[in-house]
Every structure is written in C-alpha cells, then in structure tokens.
1. Would you confirm, using the coordinates I've provided, whether Glu106 is at pLDDT 95 or above, touching a Leu at 6+ places or on another chain (Cβ under 9 Å) and more than 15 Å from ligand 1 (Cβ to nearest atom)?
2. Restrict the check to the stretch 76-92 and report whether at least one residue is modelled with pLDDT of 95 or more, within 16 Å of Ala138 (Cα to Cα) and touching an Asp or Glu at 6+ places or on another chain (Cβ under 6 Å).
3. Do we have any residue at all in the stretch 142-158 that's farther than 23 Å from His44 by Cβ, within 18 Å of the chain's Cα centre (by Cα), touching a residue at least 60 places away in the same chain (Cβ under 8 Å) and crowded, with 20+ Cβ neighbours inside 10 Å?
4. Condition (residue is under 28 Å from Glu145 (Cα atoms), under 19 Å from the mean Cα position of the chain (by Cα), more than 16 Å from ligand 2 (Cβ to nearest atom) and surrounded by 16 or more Cβ atoms within 10 Å (Cβ to Cβ)) applied to the stretch 387-398: is it met by at least one residue?
5. Checking Thr352 against (1) in contact with a strand residue (DSSP E or B) (Cβ under 8 Å, 6 or more places away or on another chain); (2) not in a strand (DSSP E or B), which single condition isn't satisfied?
6. Residue check, Asp119 against (1) among the charged types (D, E, K, R); (2) farther than 30 Å from Gln153 by Cα; (3) outside any strand (DSSP E or B), all met but one. Which one?
7. With respect to Arg306, is the statement that it is out of contact with any strand residue (DSSP E or B) (no Cβ under 6 Å at 6 or more places or on another chain), among the charged types (D, E, K, R) and without any contact (Cβ under 8 Å) to a residue 40 or more places away in the chain true?
8. Does Thr346 satisfy being part of a helix (DSSP H, G or I) and buried (at least 23 other Cβ atoms within 10 Å of the Cβ)?
Amino acid sequence: MFATPVVAQAQRQAASKTSPLVLDVERRVPAVMPKVVSWRRDLHEHPELSGSEVRTAKLVADHLRALGIEVQTGVGGHGVVGLLKGGKPGPVVALRADMDALPVAEQVDLPFKSKVTADYRGQTVGVMHACGHDTHVAMLMGAAEILAGMKAQLPGTVKFIFQPAEEGLGNGRTGSKLMIADGVLESPKVDAIFGLHVGNAPVGQISYRPGPMMAASNNVTIVVSGKQAHGAMPWAGTDPIVIGSQIVGALQTIVSRQTDISTVPAIITIGAFQGGVRSNIIPDSVVMLGTIRTFDMGIRKEIFARVARTAEQIASASGATARVVIDSGNIVTRNDSTLTLRMIPTLQRAATEAGAFPAPLWTASEDFSWYQERVPGFFFNLGVTPKGTDWRTAPANHSPLFFADEAALPTGVRALASLAVDYLMNPVRP
Ligand SMILES: [Zn+2]
Ligand SMILES: [Zn+2]
C-alpha cells in the first residue's frame with residue numbers, strides 16, 4: 001500500500017513544475033501553524049455532536065470574517081460558508097472540512113483532553129473528536145488565512161465549506177446533503193471540490209485513489225415477527241430468535257457465495273440483535289440492525305434485493321414474517337479520475353518526505369460523496385499516526401484512544417491551499 005522513500009523521492013522529482021502561487025502558499029504555511037495548532041486544541045477540548053456545532057461554527061465564522069472573507073452561516077444547520085473572491089477572474093473551487101464530534105468518551109491523556117458530555121438519544125455520553133474532524137476544521141481555517149493573504153493574485157474564487165453533521169443525524173440525514181439542499185454548490189456554482197480525512201498512516205503521509213475510494217454505507221433494519229410462547233412448549237409458538245439466527249447466518253452467504261467480489265469487496269454486518277426478556281419465554285419478535293458496505297452501485301442494488309429476499313423467505317419458511325428496511329445511507333465516495341490524476345503532483349509536493357501514494361479501498365464511508373455526485377471532487381487521506389507507533393495497530397478513527405499527531409497539520413494546510421491555487425491556475429474542464 002505505501003511505497004518506499006526511494007519511490008517517494010522519484011515522485012517528488014516528477015512533480016517539478018511548481019507555480020509561483022504554490023511557492024507563495026508554502027512560504028506562508030509556517031506563520032499560520034501556531035494558530036492552527038491552538039485552534040485544533042481548542043476544538044478538541046470543546047467537541048460538539050452532529051447537529052450541535054454552535055461553538056465550532058462561531059469560531060470558524062469569526063475567523064473568516066476577520067480575514068475579510070464573505071461569510072454565510074446557518075447553511076444546512078450549523079454550516080458555515082466562506083467566499084473568497086480572487087483579484088482575477090477564474091473558476092470556483094471549494095474546500096470542505098467537517099466539524100462534528102462523536103458520542104465517545106475520550107481516553108487519550110492530553111492536556112486538551114475532552115471532558116465534555118452531552119445528551120445523546122436519552123443517554124448522557126462523553127463527546128470526543130474521535131474522527132479527527134477537529135484537525136480538519138483547524139487545517140482549513142489555516143488554509144483560509146493563507147489564501148486570504150493571496151487574494152489579489154488568485155485567478156478565481158475559493159469557497160470554504162465548513163460542514164456540520166458528517167457522522168449523520170439518522171434517517172439518512174447528513175450534513176453534506178443538508179448544505180447541498182441549502183445551495184452550497186450554487187451561486188457561485190462550484191467547479192470542483194476537495195476534502196481530506198485524517199487516519200492511521202505514517203504522520204504526514206498522503207494517500208489517494210482515483211475512482212471508488214470509500215464505501216457506500218446503508219443501514220438495514222430487520223424485524224422478525226413470530227408468535228410468543230412458553231419456552232418449554234415451543235411448538236405452541238413461532239420462535240423469532242431461532243429464525244433470526246438462521247437469517248444472520250444466511251446473510252453472510254450473500255457476499256461469500258452470491259456476489260462477484262473479484263473487482264471490489266462488499267460487507268454485510270449485523271451489529272445488533274435484540275429480542276426477549278427472560279430464559280423461558282419465546283418472544284414475539286426480534287429486531288436486527290446491520291450495515292451494508294459496497295463500492296459499486298450495481299452490486300449495492302443486487303445485495304439490497306438479496307438481503308430482503310433472504311430474510312423474508314427464511315422467515316416465511318418457518319411461518320414467521322420479516323420486515324426489511326434499508327436506509328438511503330451514503331453513496332460511494334468516488335474521486336473524479338481526471339481531477340485526481342491532475343492533482344497527484346500537487347499532493348506529492350505538499351507531502352514532502354512523507355510522500356503521497358495510491359491508497360487501498362477504505363470500507364468506511366463519507367458524506368463527501370454527495371458533493372461528488374454533483375461536481376467533480378477529490379477526497380484524500382492524511383496520515384496522523386505518530387512516529388514510533390505502528391499505524392497498522394494504532395487505535396483507529398472512532399476509538400476512544402484515537403490520537404492525531406499535530407506534526408501532520410502543516411501537510412494538510414499546505415495540501416488544501418496548494419490544491420486550491422493549482423486548480424484555479426489550471427482548471428480541469430470536463
Ligand atoms: Zn467518522
Ligand atoms: Zn470522519
């Protein structure tokens with residue numbers, strides 16, 4: 001997956017044609033870094049759950065206004081949009097950062113560790129930037145400061161999208177969709193969009209992938225209804241626990257026996273199985289919750305049909321019924337191939353010694369996919385695993401032990417600002 005330093009050097013040498021604007025970006029990075037680090041620590045200590053990003057949005061909006069950037073707030077919930085009109089005519093490029101945190105109680109021992117709690121679905125939970133969105137916001141604030149300082153030379157417009165609720169609000173509602181519905185890709189119309197995600201990889205290393213990159217993700221709910229009976233007289237009822245167990249087993253054969261996974265993988269996981277209250281009562285029904293991950297819309301459609309058929313017909317074979325509901329979820333995060341290939345040298349340069357390499361498929365999902373459905377987009381990964389820690393075994397995103405090394409932040413700032421200026425200088429026309 002990750003190439004050697006020798007290859008990295010060759011790649012950097014290949015990325016030789018560097019525009020004066022990118023050199024200007026690079027010159028400006030060191031000056032903003034102390035601020036980026038302090039924003040990141042402040043955000044990390046004050047995380048807000050999806051849909052509650054009030055403080056975060058204010059921090060962002062105040063900063064953008066102070067830079068003289070035109071600001072719109074309350075877009076798709078607590079979303080903030082900044083519009084930086086360059087001194088010269090040109091296209092519109094968007095840079096996106098997501099702002100929300102997760103219902104996870106932080107276990108990393110940091111001076112700026114989160115002690116925040118919040119109400120989540122009727123429970124008091126710890127709140128933590130366990131997906132690293134604090135770093136995304138801080139890096140994009142830094143890139144905004146750099147680009148605002150270069151306003152007069154910019155040949156086009158940069159739209160900064162600070163998005164709420166990437167982790168979702170339930171029922172298929174997610175921040176990118178809400179911002180799109182509020183017109184974030186219009187007036188002015190966005191020509192291309194870039195975004196990044198931090199994760200486990202050597203610190204500062206960038207990875208990218210043309211075409212499908214992250215999975216489509218869909219939640220499935222299966223309710224098996226049988227007939228309640230005494231546990232000692234099962235013949236008097238219809239046992240939804242036994243039938244539900246058969247369904248869980250059979251669902252595993254959809255990917256392993258019925259799907260062509262020779263080009264892209266697929267995953268079906270049942271993560272919750274709820275039913276019954278006591279040892280000697282067969283319950284009336286069980287509820288199963290699962291997730292389906294796919295990288296191809298045709299395979300996705302086929303798997304949806306097979307999941308429904310498998311559950312319904314196994315239930316019916318035993319005299320029960322199964323109701324299957326699959327939500328609209330996230331579609332595949334699919335990088336525009338032309339845009340990606342055009343921008344690889346920019347990322348190779350931004351990554352310096354750590355390098356930029358092709359990435360494997362990532363079975364997590366991203367609501368960045370909804371922007372890419374409408375405009376050419378490119379999403380890439382930035383490694384944040386500290387030196388001396390094995391990134392393969394380090395606690396990953398969403399873990400209470402997830403830790404993002406700040407040493408990666410200059411690379412992210414440089415990458416975002418460089419992508420914007422390189423695109424404006426030489427836009428990719430469809
Ligand atoms: Zn996440
Ligand atoms: Zn995330």
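The values are calculated or read from the model by the stated rules, or taken from the named source; none is laboratory data. Because the structure is a prediction, the values reported are computed rather than measured. Cβ placement follows ideal geometry from the backbone for every residue including glycine, while neighbour counts extend to all protein chains displayed.
1. On the way: at pLDDT 95 or above: yes; touching a Leu at 6+ places or on another chain (Cβ under 9 Å): yes; more than 15 Å from ligand 1 (Cβ to nearest atom): no.
The answer is no for Glu106.
2. No - not one qualifying residue is present in the stretch 76-92.
3. No; the residues of the stretch 142-158 include none that is farther than 23 Å from His44 by Cβ, within 18 Å of the chain's Cα centre (by Cα), touching a residue at least 60 places away in the same chain (Cβ under 8 Å) and crowded, with 20+ Cβ neighbours inside 10 Å.
4. Checked against the condition, which is being under 28 Å from Glu145 (Cα atoms), under 19 Å from the mean Cα position of the chain (by Cα), more than 16 Å from ligand 2 (Cβ to nearest atom) and surrounded by 16 or more Cβ atoms within 10 Å (Cβ to Cβ), the stretch 387-398 yields no hits at all.
5. Of the numbered conditions (1) in contact with a strand residue (DSSP E or B) (Cβ under 8 Å, 6 or more places away or on another chain); (2) not in a strand (DSSP E or B), the odd one out for Thr352 is (1).
6. Every listed condition holds for Asp119 apart from (3).
7. Against the criterion (out of contact with any strand residue (DSSP E or B) (no Cβ under 6 Å at 6 or more places or on another chain), among the charged types (D, E, K, R) and without any contact (Cβ under 8 Å) to a residue 40 or more places away in the chain), Arg306 does not qualify.
8. yes
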